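Below is one structure, written out as structure tokens; the observations come after it.
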Amino acid sequence: MEIFYQLSMIDPNYILIGLIVSFFAMEMAFSYPFKFGYKLNHLFHNFLFQLIAISMGSLLGFMMITTFDWIDSNEFGLFYLITVPFWFKILAGILLIDMSDYWFHQIDHKIPVLWRLHRVHHSDTSVDASTALRFFPTELIYFTSGELLISVIFGLDIISMNIFLFLLLPILFIQHSNLRYPVWIDNILGWLIVTPNIHKVHHEQDQFYTDSNYGTLFIIWDRLFGTFKTKPVKEIKYGLREFEENKKQSFLYLIRSPFINIQRIKDDKI
Ligand SMILES: [Zn+2]
Ligand SMILES: [Zn+2]
């Protein structure tokens, strides 16, 4: 646990910059399976979302510290009613936080007003590592609220949350990156974690696939609850039809888009 404590002390902005630079360089060198121009412009527009996220850091930190302090001082939650080893509580906590993200993500797709916010992430027609940054700002509060709710119900420890958050950013970059990953990653790790090829199916335009693979870190929830689907990466068409025009890929359009009535265009309407 000490190692995670030490790592959690690193300023996350340094990790962020390191991830952006290294993935940008790798994608420029190996871009696969899609080549697309304007890569720097694409990164710029997605990065503007991250600037808002950084400015919300203290609010999210306050929400987390207040909640875990409250759980701790009141000894509230199911794990305070039973005796389990500490390592089990930490591990179960990471899984439960991930399960909360799975359900909140699925609800994001089902409720129209939430979809307006979440479709900003799905609007990207050129999915690459920078897509990991393209989230409407309220989504951070939405997912954090779910994670804190499940933490209160089970009486989780803040260490579970710290480990989850520490893993989250690099995994989001890997999942969205425009790089070739060997097949064995899907064949073996694909039973446990959300591999890049599994998450990319979630970015397919066809809603049959968009409404699948909701998992964040672990794929077990999709496999357990019947939302797991596969499609070869080479055949995936990214984004949403209603966001295909170039002007609809700009930060300024996307930040306004939840307040614009945009009909979802499905295959059968073409
Ligand atoms: Zn989604
Ligand atoms: Zn995604």
Here, helices (runs of 4 or more DSSP H) confined to the range 202-256 with at least 2 residues that are in contact (Cβ under 8 Å) with a residue 12 or more places away in the chain and in contact with a Cys (Cβ under 9 Å, 6 or more places away or on another chain) are none
Of (1) part of a helix (DSSP H, G or I); (2) under 11 Å from the mean Cα position of the chain (by Cα), D186 fails just (2)
Near pairs, Cβ below 7 angstrom, 6+ apart or cross-chain, from the range 169-185 (free of Cβ contacts under 8 Å to residues at least 24 places away in the same chain) to any residue that is in a helix (DSSP H, G or I) and among the polar types (S, T, N, Q)
Y181/N197
I'm trying to understand the selection: among the residues of the range 146-192, which are more than 16 Å from ligand 2 (Cβ to nearest atom), over 26 Å from K89 (Cβ atoms), open to solvent by 40 Å² or more (accessible area, probe 1.4 Å) and hydrophobic (A, V, I, L, M, F, W, C)?
V183, W184, I188
Is it the case that some residue within the range 240-262 is within 28 Å of M99 (Cα to Cα) and among the hydroxyl-bearing types (S, T, Y)?
no
In the set R223, R241, R256, which member is basic (K, R), at pLDDT 95 or above and farther than 18 Å from H121 by Cβ?
R223
Residues of the range 122-145 classified as surrounded by 20 or more Cβ atoms within 10 Å (Cβ to Cβ) and away from ligand 2 (no atom under 16 Å from the Cβ), total:
1
Whichever residue in the range 95-121 is of a type outside the set (F, W, Y) and in contact with a strand residue (DSSP E or B) (Cβ under 9 Å, 6 or more places away or on another chain) and, among such residues, is surrounded by the fewest Cβ atoms within 10 Å (Cβ to Cβ)
L95
Condition check: of a type in the set (A, V, I, L, M, F, W, C), closer than 30 Å to G239 by Cβ and crowded, with 16+ Cβ neighbours inside 10 Å. Does L51 satisfy that?
no
Within the set of pairs 6 or more residues apart or between chains, which connect a residue that is closer than 20 Å to F164 by Cα inside the range 64-80 to a residue that is basic (K, R) with Cβ atoms less than 8 Å apart?
F79/K89
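The values are calculated or read from the model by the stated rules, or taken from the named source; none is laboratory data. Keep in mind the model is a prediction, meaning the values are calculated, not measured. Glycine gets a Cβ as well: all are built from the backbone with ideal geometry, and neighbour counts include every protein chain shown. We work out accessible area using only protein heavy atoms, side chains counted, and drop any ligands, DNA or RNA first. Shrake-Rupley method; radii C 1.70, N 1.55, O 1.52, S 1.80 Å.
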